[in-house]
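Presented below is the structure to which this report refers.
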Amino acid sequence: MARDGVLVVHAVDAAWTHAITLERRTILRRLAEQLGDAAPTELRVEIGPISVAAVVEEPAPIQIRSEEH
């Protein structure tokens, strides 16, 4: 995050840049809910390199077994 409270997000292409930009207000609100005063106040999306280390694999879905009565 930049010193001026701007969170810079790198997206892989223009489609992701657009999608993230459309959700900017929601993302900032949720960050504020979680981080309080430490949350960024602005979000800037740029097309740029994505660090492989930053990629997080989705966890496997939880299998819920229904109890048979």
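Bear in mind that the values in this text are calculations on the coordinates, not laboratory data. Worth saying up front: this structure is predicted, and the values here are computed from it rather than measured. Don't worry about glycine lacking a Cβ; one is built from the backbone with ideal geometry, like all the others, and counts go over all protein chains shown.
The figures follow:
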quantity: Separation of the Gln34 and Ile64 label points, Cα + 7 Å toward Cβ, nm; calculated: 2.3 nm
quantity: Fully extended contour minus Cα-Cα distance, from Asp4 to Arg24, at 0.36 nm per residue; calculated: 5.5 nm
